[in-house]
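Report on one structure; see the data block that follows.
The values are calculated or read from the model by the stated rules, or taken from the named source; none is laboratory data. Given the structure is predicted, the values throughout are model-derived calculations rather than measurements. With ideal geometry, Cβ positions are generated from the backbone for all residues, glycine too; neighbour counts draw on all protein chains shown.
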Amino acid sequence: MSYAINYVRADLGSTVQRRQLESAPMTKILRDDLGVRIKRIHDTVEAKVPEAAVADLLEIDSVSPGPLLHGHDVRRHRAGG
């Protein structure tokens, strides 16, 4: 079990349905369902203590740090490029 916070442009985010997010990561939805040609994503991982609400949802101890993944710098292929 995990959770993610995704930041996408409003025109893309408004087309994503909750049921899609329950079965696939955002990058897969962007690529496969919305046709976004992703060129590169830079991910970083760090340890972080989760917020109490998140720890409850994940059924983990709220005082133990867990992995936190950041995805940055999404570059899209441009038509003709």
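Pairs meeting the criteria (first residue in region 9-25 and more than 17 Å from Arg37 (Cβ to Cβ), second residue acidic (Asp, Glu), beta carbons under 7 Å, at least 6 apart or on different chains) are Gln20/Asp33. The C-beta contact set for region 28-50 (first residue free of Cβ contacts under 8 Å to residues at least 40 places away in the same chain, second residue assigned to a helix (DSSP H, G or I) and of a type in the set (D, E, K, R), distance under 6 angstrom, 6+ apart or interchain) comprises Ile38/Arg31.
Considering only residues in region 32-81 that are among the hydroxyl-bearing types (Ser, Thr, Tyr) and more than 15 Å from the chain's Cα centre (by Cα), the one that is modelled with the highest pLDDT turns out to be Ser62.
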